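Input: a single structure, listed below in structure tokens.
We did not get these values from a lab; they are worked out from the coordinates using the rules stated. Nothing here was measured: the structure is a model prediction, and the numbers come from that model. FYI the Cβ positions are ideal-geometry reconstructions off the backbone, even for glycines, and counts take in every protein chain you see.
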Amino acid sequence: MWLRMLIIAGVIYLLYRLTKRLKGHHEALKPSSGASGEDLVEDPLCHTYVPVSRSCRELIDGKMVYFCSQSCLERYKEKCANAETQGRREARS
């Protein structure tokens, strides 16, 4: 009788631990609440959407432009500089 009660209590305890572990794993899969409800902005170079708080920003021609990373921002600046120099060359021709 006592052995049967001990086995049942052990099984109940193991089920409790298993459900607790699965619930914890499920919680880890949920998206973080840090950026919930935050606006997303599109990177003009690679077209990736990023939360405003995680974006790299630069004021370009009087307009705030948002980028997904510093490297995209630098590449965008280079692209704009190259376009300006090419436009000047065409205007001289």
Per the 1/(1 + (r/R0)^6) rule, R0 = 30 Å and r from the Cβ atoms of A83 and E38, FRET efficiency to 0.05 is 0.40
Ordered by fewest other Cβ atoms within 10 Å, a rough proxy for footprinting exposure, D39, D61 read D61, D39
